[in-house]
1. Label the chain by shape, choosing from rounded, prolate and oblate, from the square roots a ≥ b ≥ c of the eigenvalues of the Cα gyration tensor; if a/c is under 1.5 it is rounded, and otherwise prolate applies when a/b is larger than b/c, oblate when it is not.
2. So what's the stretch 67-126 giving for Rg/Rh, alpha carbon basis, Kirkwood Rh from the mean inverse pair distance?
3. Once every DSSP H run of n ≥ 4 in the chain is given -39500 (n - 2.57) and the sum is divided by its residues, what mean residue ellipticity at 222 nm do you get, rounded to the nearest 500 deg cm²/dmol?
4. Distance from the Cα centre of the stretch 28-43 to that of the stretch 95-116, in angstrom?
5. Report, to the nearest whole %, how much of the accessible area of the chain belongs to carbon and sulfur atoms, 1.4 Å probe, protein only.
6. Could you pull out every whole DSSP H run in the chain that spans at least 24 Å of Cα extent along its own axis and averages 1.0 or higher on the Kyte-Doolittle scale?
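The values are calculated or read from the model by the stated rules, or taken from the named source; none is laboratory data. Computed from a predicted model, the values in this text were never measured in an experiment. Ligands, DNA and RNA are stripped out before the accessible areas are found, and what is left, the full protein with its side chains, is counted by its heavy atoms. Shrake-Rupley method; radii C 1.70, N 1.55, O 1.52, S 1.80 Å.
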Amino acid sequence: MSTPTPQQAEDLLSRVESHQTQARSGDAWPLVTMLFVYSAAVSVGILAVGIIEDNTTQLILLGAGGAWLVPAIIVYVVKALSWSRRSTVLLCTWLPLIFVAFFTAIIVDSFTPTSWVPFAAAGFLWVLSPIMALFGLRR
């Protein structure tokens, strides 16, 4: 085994860094996709709660939004290759924000059905999702 020249060592290091960057961005896509679907499903449910006065119809639309959570989990489990610290941080920040927006909208709407809070919570999720996706996909 021969000792690599400085140029060969530098080339090897740049290839390793390139492969690591590609792997990180490739592994982030399934998680970002899953969290985008979660955000969309929850925001549709929140809008249903804000627009519709009938509790049965609200539950049907919440269930329809929730039905999208199953395919999101299936796609994530099938396509996710590894778990990293960045994925953990992304998941541990995005999911609590989704749940806080959802529960805040539900609780406020149950006390004051004509409130603007469900619309603000859905808008918050629509603005938050692309921002969090950019954080998740940055290299």
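1. Numbers: a/c = 4.79, a/b = 3.03, b/c = 1.58.
The shape class here is prolate.
2. Over the Cα atoms of the stretch 67-126, Rg/Rh equals 1.11.
3. Theoretical 222 nm ellipticity from helices: -30000 deg cm²/dmol.
4. Each part's Cα centre sits 19 Å from the other's.
5. Numbers: 6460 of 8950 Å².
Here carbon and sulfur together make up 72 percent of the probe-accessible area.
6. 85-111, 117-137
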